[in-house]
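Engineer: Have a look at this one.
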Amino acid sequence: MCAVIRIVEPILKTENLRVEFRSKEVGGGVKVALNGLNLAVYPGETFGFLGPNGAGKTTTMNVLLGFVNATSGDAFLFGQNVREPIARQRIGYLPELTYYYKFLTAEELLRFYARIFNIPKSEREQRIDAVLKLVELDHARKRQIKTYSKGMQQRVGLAQALINNPDLLILDEPTSGLDPIGRMKVREIIQRLKNEGKTVFFSSHELGEVETICDRVAILHQGELKREGQVSDIVREYNCDLEQAFLRIIGHTPQSAAAAEANPQPQAA
Amino acid sequence: MNAIWAIAIVVLKEMIRRKDFYVLFIITALITLVMGSINIFNDQSIAGYLKELALLLIWVCSLVIAIATTARQLYAEKENRTIFPLLAKPVSRAQLLLGKFFGCWLACGGALLVFYLFLAIVAASREHSLDVGSYVIAMLLHWSALAVVVGMALLGSIVFAAPSSNGTICFIVAVAILWLERHLNTVALQTGGILGTITYLVYFITPRLDWAFDAREFLIFHDPMPGFTVLGPALLFYAAYASMLLLTAWVLFRRRALNT
């Protein structure tokens, strides 16, 4: 039996991350959204970040992207503390269900984001061509985004996440709300990025998709990390598919689901 | 600087592609042209009345454009969730605010240019003379005063919960300043006591938008134009006031949690 020792530095790291939200109601108390989260994602990995609604996935992403400050603990991207804007120079982020500036065309939108990254003009146009081809929106590049379908909007979102040729992609439920064809297209793009050696960190409720694409997963429940490991190891350990293993890890039973519905927890984020 | 400029360009494109500006310009143009076509008893001073009316309309329209364009910026970013991919890039919140500010202010400048050009053409057609310098100075003062209004609306979009409340409050405050400020020191003198002191305080802390509004005097009545010693400090005052509003907006916005 030999242990695998990682000698590469993680691209994404959190150390004892804790996030608390104070209720706005008088005497509402404090809700712990994340409790001592330790995560490490390594170069080239496709990492699935799983958990039921309200588990703390989006809060973790919000901290990583600098939208929310951690109450305690630290988070790092490429060794830089996420509080520094420079930490986000080499990442691409696709939020869930975003309605991009509808008065812009896809080409203009990508030019806008490319300018932010200070990509030189000559390289900028090549990059826009490449990402529009990758997300199969080349034919609609001169159309205003308001004319796009939901699937096309999600793909333009992926294109903006890729405009700086990022080393790390953070995707928040990238296939949420899409029809089967839209899902398949987004999944194919993620697969292609994985084959190119990009590191992908994504949250999803589509566990079948996660099982197909991801190398490793982390399962979060009520703000705590319940399990982290290789998809194949988890599936083998529980002797079932990832969905069944997930339900067992978070302690889901029909009785617990009924109890949760009877006493719903307020959502922090 | 690249990020600020990139954000400002998107704001400008939004104004060009929305209908607000065109609708306001057409209304102003129609009212001015209809009034200009009326000739009562061959009154030679009709051009002065015409300019006064057109300038009032231009002021109202410019306030509507400045406030409506600015007040919706941050709300739209949050509502459409575009603020998240934007701030997930190497863009600081200060750069976002500055980009929005310059975009809105430049948009106002573009709109003012069209309005003043129209006014100059209409006035010249009636007066058969054109003093370009006075139009340039009036527009410059007007544009500088709008920097304060844009800063106010941007700060309001962080303080108030909805764009409609922000827009309404900013518009009322701007009109109140234009209308009442010039009388505040007289009121303070007459009132005296604590109320007088408070009125004086309000007089000194409110931005003097009326300075720019009074530029009408040399456009309508051909009063002597202000020299650089008057114009320079007025422009500096507006710049300083707008900077102070932006700084306050940044202090409030920089640590605010944004939950996706």
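Engineer: Can you pull out every residue in region A:148-157 that is crowded, with 21+ Cβ neighbours inside 10 Å and more than 11 Å from every other protein chain (Cβ to nearest Cβ)?
Structural biologist: Across region A:148-157, the qualifying residues are A:Gln154, A:Arg155.
Engineer: Can you pull out every residue in region A:84-114 that is assigned to a loop (DSSP other than H, G, I, E, B), in contact (Cβ under 8 Å) with a residue 12 or more places away in the chain and over 18 Å from A:Ala40 (Cα atoms)?
Structural biologist: A:Gln89, A:Pro95, A:Glu96, A:Leu97, A:Thr98, A:Tyr99, A:Tyr100, A:Tyr101, A:Lys102, A:Phe103, A:Leu104
Engineer: Of the conditions (1) farther than 25 Å from A:Leu207 by Cα; (2) within 13 Å of chain B (Cβ to nearest Cβ); (3) surrounded by fewer than 19 Cβ atoms within 10 Å (Cβ to Cβ), A:Ile145 satisfies every one except a single condition; which number is it?
Structural biologist: (3)
Engineer: A further question follows. Take the conditions of a type in the set (S, T, N, Q), at the interface with another protein chain (Cβ under 7 Å from one of its Cβ atoms), assigned to a helix (DSSP H, G or I) and farther than 30 Å from B:Lys19 by Cβ and apply them to A:Asn118. Does it pass?
Structural biologist: So A:Asn118 does not fit the description; no.
Condition check ((1) among the charged types (D, E, K, R); (2) closer than 18 Å to B:Pro233 by Cβ) across all residues:
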{"site": "B:Tyr116", "(1), (2)": "no, no"}
{"site": "B:Ile121", "(1), (2)": "no, no"}
{"site": "B:Gly133", "(1), (2)": "no, no"}
{"site": "B:His142", "(1), (2)": "no, yes"}
{"site": "B:Ala147", "(1), (2)": "no, yes"}
{"site": "B:Val173", "(1), (2)": "no, no"}
{"site": "B:Leu178", "(1), (2)": "no, no"}
{"site": "B:Ile205", "(1), (2)": "no, yes"}
{"site": "B:Asp210", "(1), (2)": "yes, yes"}
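Engineer: Right, B:Pro90: outside any helix (DSSP H, G or I) and either surrounded by fewer than 17 Cβ atoms within 10 Å (Cβ to Cβ) or not small (Gly, Ala, Ser) (or both) or not?
Structural biologist: Here the answer is yes, as B:Pro90 does meet what is asked.
Engineer: Residues in region B:57-68: is at least one closer than 30 Å to A:Leu171 by Cβ, in contact (Cβ under 8 Å) with a residue 24 or more places away in the chain and not aromatic (Phe, Trp, Tyr)?
Structural biologist: No; the residues of region B:57-68 include none that is closer than 30 Å to A:Leu171 by Cβ, in contact (Cβ under 8 Å) with a residue 24 or more places away in the chain and not aromatic (Phe, Trp, Tyr).
Engineer: Looking at region A:98-110, which of its residues are more than 8 Å from chain B (Cβ to nearest Cβ) and either surrounded by 21 or more Cβ atoms within 10 Å (Cβ to Cβ) or out of contact with any strand residue (DSSP E or B) (no Cβ under 9 Å at 6 or more places or on another chain) (or both)?
Structural biologist: Those that are more than 8 Å from chain B (Cβ to nearest Cβ) and either surrounded by 21 or more Cβ atoms within 10 Å (Cβ to Cβ) or out of contact with any strand residue (DSSP E or B) (no Cβ under 9 Å at 6 or more places or on another chain) (or both): A:Ala106, A:Glu107, A:Leu109, A:Leu110.
Engineer: Any chance region A:124-135 includes a residue that's within 11 Å of chain B (Cβ to nearest Cβ), more than 19 Å from A:Phe49 (Cβ to Cβ) and basic (Lys, Arg)? Working first, answer last.
Structural biologist: Filtering region A:124-135 for residues within 11 Å of chain B (Cβ to nearest Cβ) gives none.
No, region A:124-135 contains no residue that is within 11 Å of chain B (Cβ to nearest Cβ), more than 19 Å from A:Phe49 (Cβ to Cβ) and basic (Lys, Arg).
Engineer: State whether the residues of region B:81-97 include one that is away from every other protein chain (no Cβ under 13 Å) and of a type in the set (Lys, Arg).
Structural biologist: Just the residues of region B:81-97 that are away from every other protein chain (no Cβ under 13 Å), to begin with: B:97.
Filter again for of a type in the set (Lys, Arg), leaving none.
No, every residue in region B:81-97 fails to be away from every other protein chain (no Cβ under 13 Å) and of a type in the set (Lys, Arg).
Engineer: Among the helices (runs of 4 or more DSSP H) confined wholly to region B:146-260, which include 2 or more residues that are of a type in the set (Gly, Ala, Ser) and surrounded by 14 or more Cβ atoms within 10 Å (Cβ to Cβ)?
Structural biologist: Working: elements: B:163-191, B:193-205, B:209-213, B:216-220, B:228-253.
The qualifying helices (runs of 4 or more DSSP H) are B:163-191, B:228-253.
Engineer: What residue, among those in region B:214-260 that are of a type in the set (D, E, K, R) and over 21 Å from B:Ile58 (Cα atoms), is modelled with the lowest pLDDT?
Structural biologist: By that ranking, first place goes to B:Arg255.
Engineer: Follow-up question, since we're still on this one. Which residues, taken from region A:210-234, are of a type in the set (D, E, K, R), more than 25 Å from A:Ala33 (Cα to Cα) and in contact (Cβ under 8 Å) with a residue 12 or more places away in the chain?
Structural biologist: The answer is A:Glu211, A:Asp215.
Engineer: Next up: Can you tell me which of B:Ala54, B:Ala66, B:Ala8, B:Ala29 is of a type in the set (Gly, Ala, Ser), in contact with a Cys (Cβ under 9 Å, 6 or more places away or on another chain) and either more than 14 Å from every other protein chain (Cβ to nearest Cβ) or not in a helix (DSSP H, G or I) (or both)?
Structural biologist: B:Ala66 is the lone residue from the list that is of a type in the set (Gly, Ala, Ser), in contact with a Cys (Cβ under 9 Å, 6 or more places away or on another chain) and either more than 14 Å from every other protein chain (Cβ to nearest Cβ) or not in a helix (DSSP H, G or I) (or both).
Engineer: Are any residues in region B:69-87 surrounded by fewer than 20 Cβ atoms within 10 Å (Cβ to Cβ) and among the hydrophobic types (A, V, I, L, M, F, W, C), and if so, which ones?
Structural biologist: The answer is B:Ala76, and nothing else.
Engineer: Starting from region A:139-156, take each residue that is more than 20 Å from A:Tyr93 (Cα to Cα) and list its partners that are of a type outside the set (Ser, Thr, Tyr), counting only C-beta distances under 6 angstrom and pairs at least six apart or across chains.
Structural biologist: A:Arg141/A:Ala106; A:Arg141/A:Glu107; A:Arg141/A:Leu132; A:Lys146/A:Lys102
The values are calculated or read from the model by the stated rules, or taken from the named source; none is laboratory data. Keep in mind the model is a prediction, meaning the values are calculated, not measured. Ideal geometry is used to build each Cβ from the backbone, glycine not excepted, and the neighbour counts take in all protein chains shown.
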